[in-house]
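Written below as structure tokens is the structure these notes are about.
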Amino acid sequence: MTDERGASANVLEARGVVFTHGTPPLETRVLHGVDLDIAPGELTVLMGPSGSGKTTLISILAGLLRPTRGRVVLGGSEISAMDDAEVTAVRRRTLGFVFQAFHLFPALTATDNVAEVLALSGTPIRVAREKARALLTRFGLEARLDHRPGELSAGQRQRVAIARAIVTSPRLVIADEPTVALDGPTAASVMELLREYVSAGTSVVLVTHDVRLVRASDRVVALEDGRVAYDGRGLAANPHGAPSGHDIHPPTPRSSEPVAGPEGA
Ligand SMILES: Nc1ncnc2c1ncn2[C@@H]1O[C@H](COP(=O)(O)OP(=O)(O)OP(=O)(O)O)[C@@H](O)[C@H]1O
Ligand SMILES: [Mg+2]
């Protein structure tokens, strides 16, 4: 899809997304009509209390879960109207996803967990492995390239999962709590690398409770009880970014936290 100016349009558009668990009379409505657009080259932090619907929402945005009502357009394709095979194809060419529980392949080494997605998209395995090693090395995992997930710490597995999501340079990366297992400096280096991808045009949506990430964000969206309660500029917003929110002041981060983005590193 393109906009009136013919410029590249939003990588993601969600309209009136409703999600309900169960069937009447025992249904629980988790999302109450969420609208969300994600522009190219924008880093959005999605926050909100536990149970507010963040994981449910990103699962729908990623085509992993079907909305009860509403539309989701990912990379120009209306995934909410497609069958599973079509959604998988759109996801493969558009999206990198980091699961809250990582979902790495247990039998593959760290390198091959990352190389596998490149190989799936046609990259020769030797080249894929080289690229995977380089990315994992950026994440400080050069001594763990040949370890399997069961031989890695939670923070190391988390970095492998992030590397796997970004290695194809997808148009959109969605990550659920991507820094929860990381110490401050490691989280900062992950955010620095993500900002490099954003500068190159990738859009990133991070679900987090970690207020440090707000500093590296262009936009902050908060969910409350399955509704967008806040949509405003993040602390790394710049005039060329496309924060589409209303002009609400972002939450004030704690001043003792290290600055996560490359600007302040
Ligand atoms: N199978 C289910 N049946 C009914 N309600 C469910 C089911 N699964 C999840 N929910 C409800 O959906 C709501 C949203 O859950 P979700 O996992 O999206 O929250 P979240 O914002 O990601 O929370 P957290 O920060 O704890 O990860 C929760 O209130 C939860 O109780
Ligand atoms: Mg969650």
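Looking at region 160-176, is at least one residue acidic (Asp, Glu) and more than 17 Å from Arg91 (Cβ to Cβ)? Can you show your working first?
Step one: list which residues in region 160-176 are acidic (Asp, Glu), which gives 176.
This time we only want the ones that are more than 17 Å from Arg91 (Cβ to Cβ), so: none.
There is no residue in region 160-176 that is acidic (Asp, Glu) and more than 17 Å from Arg91 (Cβ to Cβ).
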Exclusive hit being surrounded by 21 or more Cβ atoms within 10 Å (Cβ to Cβ), within 16 Å of ligand 2 (Cβ to nearest atom) and more than 28 Å from His147 (Cα to Cα), set Leu61, Leu65: Leu61
For region 173-189, give me each residue that is under 17 Å from Leu46 (Cα atoms) and away from ligand 2 (no atom under 16 Å from the Cβ). Val173, Ala187
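One line per residue, one yes/no per condition, for (1) modelled with pLDDT of 95 or more; (2) closer than 23 Å to Ser59 by Cα; (3) under 13 Å from the mean Cα position of the chain (by Cα); (4) in a helix (DSSP H, G or I):
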position	(1), (2), (3), (4)
Ala161	yes, yes, yes, yes
Ala229	yes, yes, no, no
Ala236	no, no, no, no
Pro250	no, no, no, no
Glu257	no, no, no, no
So for region 59-78 (the condition being over 17 Å from the mean Cα position of the chain (by Cα) and either aliphatic (A, V, I, L, M) or under 23 Å from Tyr197 (Cα atoms) (or both)), does at least one residue qualify? yes
Residues in region 224-238 that are within 16 Å of ligand 2 (Cβ to nearest atom) and either small (Gly, Ala, Ser) or surrounded by 24 or more Cβ atoms within 10 Å (Cβ to Cβ) (or both): how many? 1
I want to confirm something. Restricting to region 18-36 and keeping residues that are near ligand 1 (Cβ under 9 Å from one of its atoms) and assigned to a loop (DSSP other than H, G, I, E, B), which single residue is nearest to Ala62 (Cα to Cα)? Gly22
Residues Met47, Met82: which one is within 16 Å of ligand 1 (Cβ to nearest atom) and either farther than 30 Å from Thr20 by Cβ or in contact with a helix residue (DSSP H, G or I) (Cβ under 9 Å, 6 or more places away or on another chain) (or both)? Met47
Which ones in region 68-111 are part of a helix (DSSP H, G or I) and more than 25 Å from Ile162 (Cβ to Cβ)? Ser80, Ala81, Asp84, Ala85, Glu86
In region 140-150, residue surrounded by the fewest Cβ atoms within 10 Å (Cβ to Cβ) [restricted to those that are in a helix (DSSP H, G or I) and in contact with a helix residue (DSSP H, G or I) (Cβ under 8 Å, 6 or more places away or on another chain)]: Glu142
Which numbered condition in (1) within 16 Å of ligand 1 (Cβ to nearest atom); (2) out of contact with any Phe, Trp or Tyr (no Cβ under 7 Å at 6 or more places or on another chain); (3) closer than 17 Å to Ile174 by Cα is the only one that Thr56 fails? (2)
State the number of residues belonging to region 118-139 that are within 25 Å of Val90 (Cβ to Cβ), more than 21 Å from the chain's Cα centre (by Cα), surrounded by 13 or more Cβ atoms within 10 Å (Cβ to Cβ) and not aliphatic (A, V, I, L, M). 1
Which of the residues belonging to region 176-215 are touching a Lys or Arg at 6+ places or on another chain (Cβ under 7 Å) and either outside any helix (DSSP H, G or I) or farther than 21 Å from Ala154 by Cα (or both)? Thr202, Ser203, Val207
Check on Leu182, without any contact (Cβ under 8 Å) to a residue 40 or more places away in the chain and more than 20 Å from Asn10 (Cβ to Cβ): yes
Are any residues in region 51-90 in contact (Cβ under 8 Å) with a residue 24 or more places away in the chain, farther than 12 Å from Leu12 by Cα and not β-branched (Val, Ile, Thr), and if so, which ones? Ser52, Gly53, Lys54, Leu57, Leu64, Leu65, Pro67, Arg69, Gly70
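The values are calculated or read from the model by the stated rules, or taken from the named source; none is laboratory data. Since the structure is predicted, the reported quantities are computational estimates derived from the model, not experimental observations. FYI the Cβ positions are ideal-geometry reconstructions off the backbone, even for glycines, and counts take in every protein chain you see.
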